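Comments concern the structure below.
The values are calculated or read from the model by the stated rules, or taken from the named source; none is laboratory data. Computed from a prediction, not measured in an experiment: that's the story for all the values here. Reconstructed Cβ throughout: ideal geometry from the backbone, glycine too, with neighbour counts over all protein chains shown. Heavy atoms of the whole protein, side chains included, go into the accessibility calculation; ligands, DNA and RNA do not. Shrake-Rupley method; radii C 1.70, N 1.55, O 1.52, S 1.80 Å.
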There are 2 protein chains.
Amino acid sequence: MERKNFMSSLRYGIGVDLGGTTVKSGLVNSGGKIETQCALPSLGDEGPKAVVGQIKQAIQEIVKRANGKSLDGIGIGAPGVVVKEGGVVKNPPNLSGWNEIPLGDEIQKTFQMKVEVENDANAAAIAEAKFGAGKKYPNFLFVIWGTGVGGGIISDGKIYRGPFGGAGEIGHISINYNGPKCKCGAKGCVEAYIGQKHLSRRAAKILKHHPRSKILNFAGELSKIEPLHISQAAEAGDKIARRILVEAGSFLGVAIAAVMNTLDFRVSIIGGGISAAGNYVFDAITESAKAHVLTPLKNDIIVIPAVLGNSAGILGAAGLVL
Amino acid sequence: MERKNFMSSLRYGIGVDLGGTTVKSGLVNSGGKIETQCALPSLGDEGPKAVVGQIKQAIQEIVKRANGKSLDGIGIGAPGVVVKEGGVVKNPPNLSGWNEIPLGDEIQKTFQMKVEVENDANAAAIAEAKFGAGKKYPNFLFVIWGTGVGGGIISDGKIYRGPFGGAGEIGHISINYNGPKCKCGAKGCVEAYIGQKHLSRRAAKILKHHPRSKILNFAGELSKIEPLHISQAAEAGDKIARRILVEAGSFLGVAIAAVMNTLDFRVSIIGGGISAAGNYVFDAITESAKAHVLTPLKNDIIVIPAVLGNSAGILGAAGLVL
């Protein structure tokens, strides 16, 4: 009986996770559970009209499956810079032909309910704050460490977007003013040390001297090394792979420390592929961050993995309206 | 007549600037003018009781001079970490024997009006936001570049204190993970490149090869070089002095860029001794910050000098209650 009462007090929202290749949508309840979801190709190459059509179809499917449940609204996580007013999505990477699309207004017109659009990294940060590893931390830095390095800032339980909506881009904090050139044009960005491309290149270089490392078992050949392969080899006990990830973690720790010092934060939550890695990576990040923050912060620095994985996109998007 | 009406609509507050050697107080009007001020030795060596006594005396003097004008309250800028609740000042550098003193409550008890206490760098940031170089910028990073490098964050017109009140400590952002050791224990903090001690040491080193630089005219001897002397020589056209300051500015730009990327800010305001330096310093900071921020930020990066100088402390403190 109690359980039934609890169930009936749940609210519902639709979360949409727009990616370069897939648009995912889900029916999310206020307890943080995705009750049903669907995925469509996002048609990123066919221009914004096709993509918006896919988004609408993905939402329509969930509205249908919601089966009359009252919905609080629709949240959308999109790549690129998002202007809250009108839910305008600007120049999303991997979606061709976009300049500025008022996605929120467009979806609102069709579905006649509250619509919120947010940058995808921010949406994932919101997901971890509401439903994941950040539930007990009102202030934390969320980092996505994957192809690149992105992030979001949760301040006082809410996303901090900054004056232009792009806050949290920690991948381009320079950890060495005279370091390697990043694709953004600057020198020494942390992404230029630990982004997918750079990590793979670093692995290939080290493997020339350590041909027996297990990384090659997972990657097949030097030119095909992905961070996932390094991670898999590390999990299988490969010392070289561990060393590469520990080194990368210590680079990330320097950038994290810059944010901790700036905002007087203590907690970082790391998402993306690496969140599945072992403690040694998180220990390395933590140690490096501690070494680079001011004394009063040192003892309280916490670096933990995100827990929502691929669901973070849908959950965080729905979290915008729940 | 109109002027009289304007004058009579002014509100008043008392601002107190607590330093290691002096406690300054002033009567500040809501137009940002210090109408009268006084200064007493802060008695920092005699322990908190003596210091608090001096603060009360400095306030009493201004209350007297206010001559019956209605006062909005008392604001105090203090070194160290400040906990807003109770106006607790924790371990202020240069004030011996303090641990945690509930300064705000103490002053409130005596004067029976609203009292706000804030970290001194934050108070200076507030001063520039309300009355100075930041009036037209709702979001900016304030940097104090003097003996050390400190700062404050103005977000949406208000000071951003962070969850523990210590936000804005940009002096200890590492601009080189493998750089020189800072007194805080970390490597490559921007303060370890451009703080007073390091700047002087750098100048002394360069002067060994350039004995005809005018820096020595101002400093007298190698061991006595202060950033002020370098700045004075630079103003007098000395190329070596300029080169040192331009180099320092470009280091500062890297740390500023980290904050701009993190918060999606565009504007930095530089206070402390260097704010009186020539354009070449600000140009160097700007250029370096531009080189280290993400593309969408590059064209909008603004770095300007603070304009309130030594008055910022009193003005910002009063700004807490005005």
Kindly indicate the residue of region A:112-129 that is open to solvent by 10 Å² or more (accessible area, probe 1.4 Å) and of a type in the set (S, T, N, Q) and also modelled with the lowest pLDDT among those meeting that condition. A:119
From the list B:162, B:168, B:151, which one is in a strand (DSSP E or B) and under 22 Å from residue B:320 (Cα atoms)? B:151
Can you confirm whether region A:136-144 contains a residue that is facing chain B (nearest Cβ under 8 Å), touching a residue at least 60 places away in the same chain (Cβ under 8 Å) and in contact with a Lys or Arg (Cβ under 8 Å, 6 or more places away or on another chain)? yes
What is the number of the single condition among (1) surrounded by fewer than 22 Cβ atoms within 10 Å (Cβ to Cβ); (2) of a type in the set (Asp, Glu); (3) within 21 Å of residue A:150 (Cβ to Cβ) that residue A:46 does not meet? (3)
Sort out which residues of region A:145-159 are open to solvent by 20 Å² or more (accessible area, probe 1.4 Å) and within 16 Å of residue A:93 (Cβ to Cβ), and write them in order of number. A:146, A:147, A:148
Selection count, region B:130-157, where residues are farther than 28 Å from residue B:52 by Cβ and modelled with pLDDT of 95 or more: 16
Checking residue B:65 against (1) under 18 Å from the mean Cα position of the chain (by Cα); (2) more than 26 Å from residue A:295 (Cβ to Cβ), which test does it fail? (1)
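To keep it simple, each residue is scored yes or no on (1) within 28 Å of residue A:150 (Cα to Cα); (2) under 21 Å from the mean Cα position of the chain (by Cα); (3) within 14 Å of another protein chain (Cβ to nearest Cβ).
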site	(1), (2), (3)
B:179	yes, no, yes
B:201	no, no, no
B:215	no, no, no
B:220	no, no, no
B:224	no, no, no
B:228	no, yes, no
B:245	no, yes, no
B:254	yes, yes, yes
Return the total of residues in region A:85-105 being open to solvent by 70 Å² or more (accessible area, probe 1.4 Å), assigned to a helix (DSSP H, G or I) and within 15 Å of residue A:50 (Cβ to Cβ). 0
Does residue A:278 count as within 17 Å of the chain's Cα centre (by Cα) and under 30 Å from residue A:35 (Cα atoms)? no
Among the residues of region B:88-111, are any among the charged types (D, E, K, R) and under 23 Å from residue B:141 (Cα atoms)? no
If we scan region B:268-280, do we find a residue that is within 14 Å of chain A (Cβ to nearest Cβ) and within 30 Å of residue B:25 (Cβ to Cβ)? yes
Is one or more of the residues making up region A:184-193 over 19 Å from the mean Cα position of the chain (by Cα), assigned to a loop (DSSP other than H, G, I, E, B) and more than 11 Å from every other protein chain (Cβ to nearest Cβ)? no
For helices (runs of 4 or more DSSP H) lying entirely in region B:226-322, having 3 or more residues that are surrounded by 23 or more Cβ atoms within 10 Å (Cβ to Cβ) and in contact with an Asp or Glu (Cβ under 8 Å, 6 or more places away or on another chain) picks out B:239-263, B:312-319
Among the residues of region B:105-119, is there at least one that is touching a residue at least 24 places away in the same chain (Cβ under 8 Å) and under 16 Å from residue A:264 (Cβ atoms)? yes
If the requirement is being closer than 26 Å to residue B:84 by Cβ, out of contact with any helix residue (DSSP H, G or I) (no Cβ under 6 Å at 6 or more places or on another chain) and small (Gly, Ala, Ser), which of these qualifies: B:179, B:165? B:165
Quick check: anything in region B:206-215 closer than 22 Å to residue B:255 by Cβ, among the aliphatic types (A, V, I, L, M) and surrounded by 24 or more Cβ atoms within 10 Å (Cβ to Cβ)? no
Taking residue B:135 as the residue in question, decide whether it is of a type in the set (Lys, Arg) and under 14 Å from residue B:267 (Cα atoms). yes
Of the candidates B:245, B:252, the one satisfying the condition of being under 18 Å from residue B:277 (Cα atoms) and in contact (Cβ under 8 Å) with a residue 60 or more places away in the chain is B:252
Only one of (1) open to solvent by less than 40 Å² (accessible area, probe 1.4 Å); (2) at pLDDT 95 or above; (3) not small (Gly, Ala, Ser) does not apply to residue B:108, and that is (1)
Here the residues within region A:13-32 that are more than 18 Å from the chain's Cα centre (by Cα) and open to solvent by less than 20 Å² (accessible area, probe 1.4 Å) are A:13, A:14, A:27, A:28, A:29
Test set (1) modelled with pLDDT under 95; (2) within 14 Å of chain B (Cβ to nearest Cβ); (3) buried (at least 21 other Cβ atoms within 10 Å of the Cβ) - residue A:173 fails condition number: (1)
Considering each residue of region B:272-301, count those that are in contact with a Phe, Trp or Tyr (Cβ under 8 Å, 6 or more places away or on another chain) and either farther than 22 Å from residue B:154 by Cβ or at pLDDT 95 or above (or both), and give that number. 2
Using the structure shown, decide if residue B:162 is within 24 Å of the chain's Cα centre (by Cα), under 27 Å from residue B:20 (Cα atoms), within 11 Å of chain A (Cβ to nearest Cβ) and without any contact (Cβ under 8 Å) to a residue 24 or more places away in the chain. yes
When region A:49-73 is examined, which residues are found to be more than 16 Å from residue A:29 (Cα to Cα), surrounded by fewer than 17 Cβ atoms within 10 Å (Cβ to Cβ) and not charged (D, E, K, R)? A:50, A:53, A:57, A:60
